[in-house]
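Trainee: Following this message is one structure expressed as structure tokens.
The values are calculated or read from the model by the stated rules, or taken from the named source; none is laboratory data. From a predicted model like this one, the values you see are computed outputs, not experimental measurements. No Cβ is skipped: glycine too gets one built from the backbone with ideal geometry, and neighbour counts run over all protein chains shown. Keep in mind that these areas ignore ligands, DNA and RNA; they rest on the heavy atoms of the full protein, side chains included. Shrake-Rupley method; radii C 1.70, N 1.55, O 1.52, S 1.80 Å.
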Amino acid sequence: MNLRVEQRVLAQSDQDDVVVLGPSPADPTFSDTSTEGAYKILGVRPGLTISVFDMVIGADFVGRFATEPCVAIDFLFEASGQGWLLGSDAEQRLSSIPYRPGRIYIMAAPYGSVGLYDVPVGTRFKGMDIRVDISLWQRLGAGDLLANLDEHHALHMASGNGTWVGVLPVPPDLLAVARALFDSAMVEGDDLAFEARALDIINASIAAMRRTQPAQTIPPRDRRPLQRARDLLIAELARPWTLEELAREVGLTQKRLKSGFKSLYGFAVYAFLKEQRLLEARRLIERGEMNVTQAAIAVGYSNPSHFSQLFLRRFGMQPSRALAARRGEEEA
């Protein structure tokens, strides 16, 4: 791995070691690909850890993550790919979370959480992750929020198995604070200023979660139909959906479906469907459940050649190579 990983405790902290609440690149289970860049984990105070990262993904960056009970606040300055929340059986994918720049992702996991991540080859993944353990979150006066987070919340994007994820665009003033926090972490600036900026971001996130009006221009009545549209696409990947059929199925006009879906999930409808199809096809191939042609047909591509071209552009390798790697593992 060409990823430079550092851990340190802030000067004013009374911690002896950095306690990482979420995924850590120092863990040997973290990707051992040719990913390049820097990843720093800073112990701010007991119950508060901040990670900053600027990486270029050199090979398929796919894996499982787990977190201790916490609230995670993530800023993504540059990003692509997506993650999933997993069910209690650690295999069922409950909800997908597209990674897009210029957004704040807030994950409330009062009982801990597990999930998957998938970042394409060549992606620059730059941002930061603020993790607040539940006891500190409660001391900050936000414990009541955890009981009121559900799919009806204005910021809701995904939820399941006791975990809730909300997303909102980064306001310009908060973006300036986030960039200053990121820059000071990378150059080891003033630790007191670093902590103050981190608390400003946490406070702003709590305020956003308390808001009753949506941050995005999506009518509340449209949110459930849009979530149903996403679920239908995932459930019937091979179906040759048209916008007219999908809109009629969920009770929206095509215009409201297109604009709302893009705002809520960061993908246009057909781009989302293509992404889900390719990810499912790769899963089928890599788990040895189907050959390339079978997987292509199973997710809705009747032309294996076209499917292979899309697969190559998305994952940086031909599907036949993924199949060969799987067979190599079986023969080893």
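Trainee: Here are the criteria: (1) over 13 Å from the mean Cα position of the chain (by Cα); (2) in a strand (DSSP E or B); (3) within 24 Å of Phe261 (Cα to Cα). Tell me which single one Gly166 does not satisfy.
Mentor: It fails just one condition, (1).
Trainee: Output yes when any residue across the stretch 317-329 is modelled with pLDDT of 85 or more and in contact with a Lys or Arg (Cβ under 9 Å, 6 or more places away or on another chain), and no when none is.
Mentor: Yes, the conditions are met somewhere in the stretch 317-329.
Trainee: Okay, moving on. Would you point out the residue of the stretch 76-129, among those that are acidic (Asp, Glu) and farther than 19 Å from Ala176 by Cα, that is most open to solvent (accessible area, probe 1.4 Å)?
Mentor: Going through the qualifying residues, I end up with Glu91.
Here's the yes/no breakdown for (1) closer than 29 Å to Val52 by Cα; (2) in contact (Cβ under 8 Å) with a residue 24 or more places away in the chain:
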site	(1), (2)
Asp191	yes, yes
Asp222	no, yes
Arg228	no, no
Glu236	no, no
Arg248	no, no
Val269	no, yes
Gln276	yes, yes
Gly288	no, yes
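Trainee: So in the stretch 251-296, with the set limited to residues that are within 29 Å of Arg321 (Cβ to Cβ) and of a type in the set (Ser, Thr, Tyr), which one is most open to solvent (accessible area, probe 1.4 Å)?
Mentor: Tyr270
Trainee: Can you find a residue that is more than 21 Å from the chain's Cα centre (by Cα) and not acidic (Asp, Glu) anywhere in the stretch 264-283?
Mentor: Taking every residue of the stretch 264-283 in turn, none turns out to be more than 21 Å from the chain's Cα centre (by Cα) and not acidic (Asp, Glu).
Trainee: Looking for whichever is in contact with a strand residue (DSSP E or B) (Cβ under 9 Å, 6 or more places away or on another chain), charged (D, E, K, R) and either open to solvent by 80 Å² or more (accessible area, probe 1.4 Å) or over 29 Å from Glu78 (Cβ atoms) (or both) here; the options are Arg248, Arg179, Arg221. Which one fits?
Mentor: The unique qualifying residue is Arg179.
Trainee: Of the numbered conditions (1) touching a residue at least 60 places away in the same chain (Cβ under 8 Å); (2) within 28 Å of Arg230 (Cβ to Cβ), Asp150 satisfies every one except a single condition; which is it?
Mentor: That leaves (1) as the condition not met.
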